[in-house]
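Worksheet: the structure to be examined is printed underneath.
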Amino acid sequence: MKKFLLLVLALGVTQLGSANKQKKADAETDKFRYDIEYARPSGDGVCQVKVWSYSKKSRIAAEQCRKNAVHGIIFKSYSTGDGTTASQRPLVKDPSVQRDKAEFFEDFFSDGGPYRQFVSAVTDGSQEVVKVGKQYKVGVVVTVSKDQLRKYLESEGIIRSLASGF
């Protein structure tokens, strides 16, 4: 009986430690400290970008790249990388929207939140890990369904429809 109780206690401590690590990673992600760049050509309505996320644990940074990719498409611009000076503009042109609609974005970017339906990681060995000081910079190529993301944000009243005029 004592061994069983010790086992249950040990498992509980392990789960608690794991949950705390995830909470710390989520707190880091809430700061949305990342870099986003063009990765390669993709089909209509989708874009492939390379996202570099930072964390003290390389595994955690890799997991956060998907969230950061969607955030980047919504709020940051990035260079197309094809030798021209063209860049992709963010879906949200007014940065105050993130603050004004904080409750929506908190739910949207929560673990298992709606953002996941618009992004997938490319699994062709594209992940890169670079140690920078006491943390890791992890780069992952991801595909974001930009058109579907735009439609979703329009339906939620976050951005105006392209057909709504000027």
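Laboratory data are not the source of any read-out in this text; all were calculated from the coordinates shown. The shown structure was predicted, so the numbers you read here are calculated from the model rather than taken from an experiment. Every residue, glycine as well, gets a Cβ built from its backbone with ideal geometry; the counts of neighbours run over all protein chains shown.
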Q. Each label point is 7 Å from the Cα along the Cα-to-Cβ direction; what then is the distance between the points at K101 and R40, in nm?
A. 3.2 nm
Q: First measure r as the distance between the Cβ atoms of K93 and K151, then evaluate 1/(1 + (r/R0)^6) with R0 = 25 Å and state the FRET efficiency to the nearest 0.05.
A: 0.90
Q: Arrange D35, D94 by Cβ neighbour counts within 10 Å, fewest through most, would you?
A: D94, D35
Q: Please tell me which of these pairs span more than 28 angstrom C-alpha to C-alpha: K56/K146; K101/K134; K31/K101; K67/K151; K67/K101; K101/K146?
A: K56/K146; K101/K134
Q: List E106, E37, E63 from most exposed to least, where exposure is judged by having the fewest other Cβ atoms within 10 Å.
A: E106, E37, E63
Q | Proxy reagent accessibility, fewest Cβ within 10 Å first, across K131, K76, K67, K151 | A | K131, K151, K76, K67
